[in-house]
Amino acid sequence: MIREKDKIEIYIDEGLCKGCDICIELCRPGVFVKSEKLNSRGYYVPVPASMNKCTGCMICELICPELAVIIKKNELVKEVV
Amino acid sequence: MKNELLKYLRTDILPTEFCSGCGCGTVLNIFCHVVDELKINPDDIIMVTGIGCSSWIPSPYFSADTLHTTHGRAIAFATGVKVMKPDKHVIVIAGDGDLAGIGGNHLIHAARRNIGLTVFLVNNYIYGMTGGQVSPTTPSNVPTTTTPYGNTEPAFKIAELVSAAGASYVARWTTYQVFHLKKAMKDAILNKGFSFIEICSQCPTSYGKRVGMREGIDQLKDFRDNSIDLKKTAGMKDEELENKFIVGKFAERNRTEFTENLRNINRKFDEVPV
């Protein structure tokens, strides 16, 4: 999903996710929610429901144990962080 | 959409075999970020590892030249590799049972020699892969498979031990402090001497369920709430620091490196005309 304002993109690799909920719990603004959909391995994957709250802090991408969260930011945002 | 960092992994065996919420995956993730940001060619990395859950990070997941060695002997093998290939990054990622328990002597002697290895010890406080037996880092009073009435021994403080043994870079971080851990991993890889990071990691399957934290996120919240910066611990009593995670940089010092000393001696004899 792409946010129009500053082009922050959040993707979840559904094939890799194991539904540990770390990204849902540790995201302070609460961007992710658990979806109703099962992935191929039988886990409920998270979805970035409230994209506008994302600050681009990158914690979810770094802490994901399965490399399943991908955050793409434009260069300007990256420099500030 | 695929993660760009998957180019560093052996992707045909993904997703990983780690339990859901395991900290080993976080270490793998941050290590991939570090290799990417330092622009290290994976061909210049030689990974050495032992036995255990965290030994799965280099073998089979991270795609570099890998030595998967016998239990506890990762640093012994890595010493040989570094002496023969001093220009390569020799990186050891293994667990607490492997490096501090069975291979504890190799660890302190590598620190004493100050050989240019980078060692990441993933400390999950238990022998996780074999079913949750007590390890040298298990805290007191924790029930495990082999100590069902609680562990009667105190735990090893590995970062302090390696720092006292003379390593040139020592730090301890948990898997919750991802940015500090990433910075420390970069410093450790770029440091010339023996660099050591103890990474406190969550193990929901073998350790967490015995201390009432059944999910990985519960242990991460424990790391968040009970971590203390090393600089703030001065003057604090041992009772206050019980069950706390003292994080920070324990040592950064300049010492001559082992392989350099070895090469200087070799050069001395090379100059003698035959």
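The values are calculated or read from the model by the stated rules, or taken from the named source; none is laboratory data. Bear in mind that the values here come from a model prediction, so they are computed numbers and not experimental data. Reconstructed Cβ throughout: ideal geometry from the backbone, glycine too, with neighbour counts over all protein chains shown. Note: accessible area is taken over every heavy atom of the protein model, side chains too, but ligands, DNA and RNA are not part of it. Shrake-Rupley method; radii C 1.70, N 1.55, O 1.52, S 1.80 Å.
Structural remarks
- Coil-residue GluC sites (Glu not before Pro) of the range B:240-270, DSSP, other Cβ within 10 Å capped at 13: B:Glu240, B:Glu242
- Length-normalised contact order of the range A:9-73 in % [C-alpha pairs under 8 Å, at least 6 apart]: 44
- Counting, for every residue in A:16-26, the Cβ atoms of other protein chains within 10 Å of its Cβ and taking the mean gives 6.
- Chain B: most fluctuating residue of B:Gln219, B:Gln202, B:Gln177 per GNM, C-alpha cutoff 10 Å: B:Gln177
- Only the Cβ atoms of Lys and Arg (+1) and of Asp and Glu (-1) were treated as charged; on that basis the dipole of chain B about its Cα centre amounts to roughly 400 debye.
- Rounded to 5, the percent of DSSP beta bridges in the range B:21-270 classed as antiparallel: 15
- Along chain B, the exposed loop sites are trypsin sites (Lys or Arg not before Pro) outside DSSP states H, G, I, E and B with at most 14 other Cβ atoms within 10 Å, and the longest stretch free of them is B:40-213.
- Accessible area per residue for the range A:9-73, computed on protein heavy atoms with a 1.4 Å probe, is 42 Å².
- Net +/- balance of residues flanking B:Thr138 in space, Cβ distance below 10 Å, scoring K and R +1, D and E -1: -1
- Size of the B/A contact, given as accessible area buried on both chains, probe 1.4 Å, in Å²: 2400
- Unit charges on C-beta of K, R, D, E only; dipole of the protein assembly as shown, Debye: 380
- Sparse packing (at most 16 other Cβ atoms within 10 Å of the Cβ) combined with a DSSP loop state is found for the following GluC sites (Glu not before Pro) in the range B:1-65: B:Glu17.
- Pairs of Cα atoms nearer than 8 Å and 6+ residues apart set the relative contact order; for chain B it is 17 percent.
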